[in-house]
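Working notes, structure below.
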Amino acid sequence: MQKIPLTVNGANKLREELEELKTVIRPRIIAAIAEAREHGDLKENAEYHAAREQQSFAEGRIAEIEGKLANATIIDVTKMDAKGKVVFGSTVTIEDLDDEKTVTYQIVGEDEADIKAGRISIGSPIARALIGKEVEDVVTVKAPGGEKEYEIIKIEYI
C-alpha cells in the first residue's frame, strides 16, 4: 500500500477519532447489543439489528483509521526548510487576477481536505499548480470552468 501524506494536525484528529471510537462508541454499542439480547427473540428485535449495524460501521471505521495511520507519512511543515516554496502543508494566500479576490488555502492530504475550512487536497488542480512555486509567481489552474490565473501573495509554514 502506498504512503499517504498527512499533516500533524490531520494525524492528531484521526488519532482522536480512533480513541473516541475505541473508548466511548464501542463500549456503548456493546452495551446496547447486550441490552437488546435481553429482550429475547433476536429475529424480530429492531434494537438488536440497529446496534449490530452500528457495531459494523464503528469497527469498519476503526480499521480504516488504523490503516490510514499505519500508511501515513506525517509531515510537519513547521520543521521543514521549504526555501520559500509552496509545499505540502503550507498555507498559501492567492489572488484571482480576474476579480482581485484573495483566498487562503492550506494544502493537505485527501482525508483532511475541507474547502469550507480552507484546506484543499494535494491532488486538487489548484494545489498541483501551486506546488513548487514562490511568492509573486503567477499560476494557471485548469479547472472544469476553464483556466484561471492566480498570483501567490503569501506562503506560510504554520
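Just to be sure before I move on: is residue 107 within 15 Å of residue 11 (Cα to Cα), in a strand (DSSP E or B) and without any contact (Cβ under 8 Å) to a residue 60 or more places away in the chain in the structure I sent?
It is true that residue 107 is within 15 Å of residue 11 (Cα to Cα), in a strand (DSSP E or B) and without any contact (Cβ under 8 Å) to a residue 60 or more places away in the chain.
When you go through 65, 94 one by one, which is the residue that is in contact with a strand residue (DSSP E or B) (Cβ under 8 Å, 6 or more places away or on another chain), surrounded by 17 or more Cβ atoms within 10 Å (Cβ to Cβ), in contact (Cβ under 8 Å) with a residue 40 or more places away in the chain and not aromatic (Phe, Trp, Tyr)? It would help to see each step written out before you state the result.
On the way: 65 fails: in contact with a strand residue (DSSP E or B) (Cβ under 8 Å, 6 or more places away or on another chain).
When all the criteria are applied, what remains is 94.
Looking for something touching a residue at least 60 places away in the same chain (Cβ under 8 Å) and aliphatic (A, V, I, L, M) - is there at least one such residue anywhere in the range 121-132?
So in the range 121-132, the residues touching a residue at least 60 places away in the same chain (Cβ under 8 Å) come out as 122.
Still in the list and also aliphatic (A, V, I, L, M): 122.
The answer is yes; a qualifying residue exists.
So residue 57 clears everything in (1) touching a residue at least 12 places away in the same chain (Cβ under 8 Å); (2) under 21 Å from residue 111 (Cα atoms) except one condition, right? Which one?
Unmet condition: (1).
A short reminder: the numbers here are calculations on the coordinates, not readings from a lab. Predicted model, so just to flag it, every value in this text is computed and none were measured. Glycine gets a Cβ as well: all are built from the backbone with ideal geometry, and neighbour counts include every protein chain shown.
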